[in-house]
Amino acid sequence: VKFSYNRMAQYLHLITNTSSPTPLDVWTPSGRYIEPQKLDQVAVGYYQNFLQDYSLELEAFYKETENRLDYIDGANLIANNAIEQVILPGEARAYGLEFLLRKNNGRLTGWFAYTYSTSEQLTPGRTTSEPGINNSNWYPTAYDKPHDLSLTTNYEWNKKWEFGVNFVYQTGLPTTYPTAQYRFENLTIPVYSPRNSNRLPDYHRLDIAATYTPQKQRKSNYQSSWNFGVYNIYGRKNAVSLSFRNNEDTGRNEALRLSLFGIVPSVTYNFKF
């Protein structure tokens with residue numbers, strides 16, 4: 001049984017717009033108007049080896065963060081010389097349970113890992129007349145993934161060939177979608193849902209790999225191997241972001257999914273001496 005407590009401070013802040021398909025992450029340091037983030041985290045875990053080849057790890061954690069920044073609605077983050085005017089400090093909390101079952105020995109090895117967690121933030125206004133973000137109610141942070149599962153196996157067929165399979169499943173990240181629109185002076189104005197109240201589609205993929213290791217020559221320290229792999233073998237189009245536009249032909253609104261990687265084969269040659 002293990003117990004830990006951490007107290008940390010961070011003087012560099014990441015301000016990100018998760019609903020944009022472009023890299024609009026902004027880093028800003030602490031200073032006169034921005035206090036450093038402070039974090040307290042406690043964790044308790046249980047670890048056990050059993051049946052010689054297996055191990056079990058179970059851990060629960062709780063984390064609180066002070067002065068966690070988020071941008072106000074409609075903020076311009078790029079090339080903003082007064083970034084402190086469009087951000088608000090808040091408090092964040094995260095908690096969850098992590099489970100890991102591992103087979104460490106034998107021709108078949110691997111592990112099954114699952115995490116259930118929650119990450120959320122409360123960002124009030126600077127005065128009582130300001131609504132803050134999401135009307136000063138708790139909302140999911142950009143990193144909130146309630147379910148995170150991975151399954152990895154490796155099988156040693158013989159001294160030359162080894163095969164591996166990796167499966168990953170994660171809850172889609174929070175984002176903010178428009179839910180309505182109105183017209184004003186020939187302009188279409190979108191109306192958005194509360195901050196991070198929507199989610200991208202769930203993320204999952206399956207990878208396979210085979211490793212060939214030639215027989216090592218006697219009286220030689222040189223050793224090499226070939227690895228043949230396929231990333232995302234069933235071609236899942238995992239969404240990096242969703243954007244919305246008006247179709248010029250039909251006049252109807254439509255959503256566009258941006259995906260980066262489909263099926264990616266690979267060949268790798270490794271050597272050491």
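When the residues of segment 207-222 are filtered to those that are open to solvent by 60 Å² or more (accessible area, probe 1.4 Å) and of a type outside the set (V, I, T), the one that is farthest from E162 (Cα to Cα) is K219. Restricted to strands (runs of 3 or more DSSP E) entirely inside segment 94-193, those with at least 2 residues that are of a type in the set (S, T, Y) and either touching a residue at least 40 places away in the same chain (Cβ under 8 Å) or surrounded by fewer than 16 Cβ atoms within 10 Å (Cβ to Cβ) (or both) are 108-122, 147-156, 178-184, 187-192. Scanning segment 215-252 for residues that are in contact with a strand residue (DSSP E or B) (Cβ under 9 Å, 6 or more places away or on another chain) and basic (K, R) returns K216, R236, K237, R245, R252. Within segment 196-217, the residues that satisfy the criterion of being in contact with a Phe, Trp or Tyr (Cβ under 6 Å, 6 or more places away or on another chain) and either closer than 21 Å to R257 by Cβ or modelled with pLDDT under 90 (or both) are N196, N198, H204, L206. When segment 61-93 is filtered for residues that are open to solvent by 30 Å² or more (accessible area, probe 1.4 Å), polar (S, T, N, Q) and modelled with pLDDT of 90 or more, only N67 remains.
Residue by residue, here is whether (1) small (G, A, S); (2) in a strand (DSSP E or B); (3) open to solvent by 40 Å² or more (accessible area, probe 1.4 Å) holds:
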| position | (1), (2), (3) |
| --- | --- |
| T28 | no, yes, no |
| R32 | no, no, yes |
| Q48 | no, yes, yes |
| E59 | no, yes, yes |
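The values are calculated or read from the model by the stated rules, or taken from the named source; none is laboratory data. This is a predicted model, so every value here is computed, not measured. Quick reminder, even Gly has a Cβ in these numbers, built from the backbone with ideal geometry, and neighbours come from all protein chains shown. Surface accessibility is based on the protein's heavy atoms, side chains included, excluding ligands, DNA and RNA. Shrake-Rupley method; radii C 1.70, N 1.55, O 1.52, S 1.80 Å.
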